[in-house]
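Scroll down for the structure; my scribbles are underneath it.
The values are calculated or read from the model by the stated rules, or taken from the named source; none is laboratory data. A quick note: this is a predicted structure, and the numbers were derived from the prediction, not measured. Cβ coordinates were reconstructed from backbone atoms using ideal geometry, including for glycine residues, and neighbour counts include every protein chain displayed. The area values use the complete protein model at the heavy-atom level, side chains included, leaving out ligands, DNA and RNA. Shrake-Rupley method; radii C 1.70, N 1.55, O 1.52, S 1.80 Å.
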Amino acid sequence: MNYSSVTKPAKILNLESLHDLNERLYLTRSSDTLYLETKKTDHNAERIVFNLQTSDINIQPSIRLVNCINRGNKRYNHFQSFVVEPKDKSTGIAVIMIKLDDPKAFYCNVRILPFTTLSEIVVPDLDSKLLTINLEKSKWTLKADITITASDTGEALYSVHDVDVASISELVTQDRIIELKRELEFQASKLIAHYFQEILSIIVNENPPNGKSLVIPDDYILTLPPNQLKEMLSASAISACIALEITGYNVVRDINRDWRNASAFINNLL
């Protein structure tokens, strides 16, 4: 068995908590003027772009709540998804997708699009209140799937599954591909699990109605109290930037330097 798939403690004891990081982050929200619906304008109330900023650097990752679909225009069922740009109109973005698995566990799936802009995968004027993106429009998509669970003692645990970096194997040497896969399986996933385990109680419905599926409603995120909304968005932005930094450092390098904005944001925080 691959060690990455073994269940391990999610909390890193000597690493700053998400709560502490949020003390140094400012969250702003505004109407998403770049991607407003032109036909059904009543949908635009939920077309919002969030920005995270610090007082130290002029880098503001943007986060949008989105629907994800495939080539057949079928939605990825029951996921709450966030697309993160480390800078405005960045070439190189990441999508964080979360979904309940059972009453005390959830998936945190990371999709890394290292050479794609958000505008290239947006599906305009789809009948949806949220912005819709088609992940399969991207030629290069990497992934890492993380499961976070609560143990009987309340400790958060995580395991990693289905790390796939094959789409960029034609661009770099096999040694770099192996190193990237290892970094995503271990370093990136451990850091992402550390921050997402802190919002386990926000996502998990501990007492779901009998017989009903574990589905996070579409409007759930936008109705969270401000402190929980900030935690959800900052966990997504930090996780996305960690994945983009590791991909950039190991593979992208000088092919596309936009990943350095994610690196600067993460290095400033951590």
| task | Find the residue count for segment 241-270, including only residues that are within 24 Å of E23 (Cβ to Cβ) and outside any helix (DSSP H, G or I). | result | 1
| message | Out of E179, E198, E170, I need the residue that is out of contact with any Gly (no Cβ under 6 Å at 6 or more places or on another chain), within 15 Å of T141 (Cβ to Cβ) and either crowded, with 19+ Cβ neighbours inside 10 Å or charged (D, E, K, R) (or both). Which one? | response | E170
| message | List the residue pairs whose Cβ atoms are under 6 Å apart, where the first residue sits in segment 173-185 and is closer than 22 Å to T7 by Cα, the second is part of a loop (DSSP other than H, G, I, E, B), and the two are 6 or more positions apart or on different chains. | response | L180/V165; K181/V165
| task | Kindly list the number of the only condition in (1) in contact with a helix residue (DSSP H, G or I) (Cβ under 6 Å, 6 or more places away or on another chain); (2) within 24 Å of N256 (Cα to Cα); (3) among the hydrophobic types (A, V, I, L, M, F, W, C) that fails for I178. | result | (1)
| request: Quick one: which residue in I238, I242 is closer than 22 Å to I48 by Cα and open to solvent by less than 10 Å² (accessible area, probe 1.4 Å)? | output: I238
| task | Those residues that are surrounded by 15 or more Cβ atoms within 10 Å (Cβ to Cβ), of a type in the set (F, W, Y) and assigned to a strand (DSSP E or B), I need them from segment 1-60; list them, please. | result | F50
| query | Which residue, of K104, K87, is open to solvent by 60 Å² or more (accessible area, probe 1.4 Å), within 21 Å of I192 (Cβ to Cβ) and either of a type in the set (V, I, T) or touching a helix residue (DSSP H, G or I) at 6+ places or on another chain (Cβ under 6 Å) (or both)? | reply | K87
| query | Can you spot a residue in segment 68-80 that is open to solvent by less than 10 Å² (accessible area, probe 1.4 Å), modelled with pLDDT of 95 or more and either among the acidic types (D, E) or touching a Lys or Arg at 6+ places or on another chain (Cβ under 9 Å) (or both)? | reply | no
| task | Residue by residue through segment 110-131, note down the ones that are charged (D, E, K, R) and either open to solvent by less than 40 Å² (accessible area, probe 1.4 Å) or at pLDDT 95 or above (or both). | result | R111, E120
| Any idea how many residues of segment 247-265 are under 18 Å from the mean Cα position of the chain (by Cα) and open to solvent by less than 10 Å² (accessible area, probe 1.4 Å)? | 4
| task | Would you be able to say whether some residue in segment 134-151 is out of contact with any Cys (no Cβ under 8 Å at 6 or more places or on another chain), surrounded by fewer than 19 Cβ atoms within 10 Å (Cβ to Cβ) and over 25 Å from A188 (Cβ atoms)? | result | no
| task | For segment 97-115, indicate whether the set of residues that are in a loop (DSSP other than H, G, I, E, B) and closer than 27 Å to K181 by Cα is non-empty. | result | yes
